[in-house]
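J.: Questions regarding the structure given below will be posed in turn.
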Amino acid sequence: MNRAKKVVASVSTLLTRRTFYPSPTFRCDPLPTVSANSESHWSHESLQPSPSAQELRFSRRRFCSGSSDKRITVCWNCGFSSEKAAFLFCDSCRSIQPIDDSIDYFQIFGLERKYELDGGSLEGKYKDWQKKLHPDLVHNKSQKERDYAADQSAKVTEAYRTLTKRLSRAMYIMKLNGKHVNEEETITDPTLLMEIMELRESIAEANDSKELDQIRSQVQEKLKQWSDSFVEAFESHRFDEAVKCIQRMTYYERACEEIVKKL
Ligand SMILES: [Zn+2]
């Protein structure tokens, strides 16, 4: 196989995530020290989930006032209304409320909607949430409320996972801005194609964990560089450029996954 064909074949394989990277669980960003707990329950003080769209149609009402975000949520159980963002519990009857799909992942953690996050603040808020969990919180509740609690728990876990990783956070914030990113789009830049191939070769040829760790450090540095480029492009509303940054971040993220798989 000549070199050009080899590059194409190599990249094609690299970009076929499901076959080349069977496990989607590895990450390049630092692993969170808290575990995602699908059995967890919400704290009404630290998190602010609210009703699902379906539920809203039947049991809660929201009202927008002009250009502000002010809205009123109404408890499905007792009808208590509040202008505050919806919490887990109704402040009046303490019944568990359904999630609100209009609440984005940043709002769940009370964070400003921006790409650059203070990692400690996200993790801290997630830990706070976990600390306030109580196993008896929903134990004696109705099936309906237990279901709501499970939905909310799943959402906060997904929110945490999404915001923790640079790549998924970048894609998510683009989505919030109405920009869809096709991470599977074929890369045509010959320089990048060559870099991809060479990196893959070096990973394949690495003989020990020390060597792989060195490569991973280099890849993480690249990931950071493209992450910084993404911030610049995104904040300047140069979304086409931001998409290109995400595609490169995708590539480096996958390279990290490949290294972790081999370690
Ligand atoms: Zn209520």
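J.: Looking only at the range 192-220, how many residues end up being within 9 Å of Ile259 (Cα to Cα) and outside any helix (DSSP H, G or I)?
T.: Total satisfying the criteria: 0.
J.: Okay, next question. Please tell me if Asp128 is over 30 Å from Asp228 (Cβ atoms), more than 15 Å from the ligand (Cβ to nearest atom) and at pLDDT below 85.
T.: No: the conditions fail for Asp128.
The values are calculated or read from the model by the stated rules, or taken from the named source; none is laboratory data. Not measured: the values here are computed from a predicted model. Every residue, glycine among them, receives a Cβ derived from its backbone with ideal geometry; neighbour counts consider all protein chains shown.
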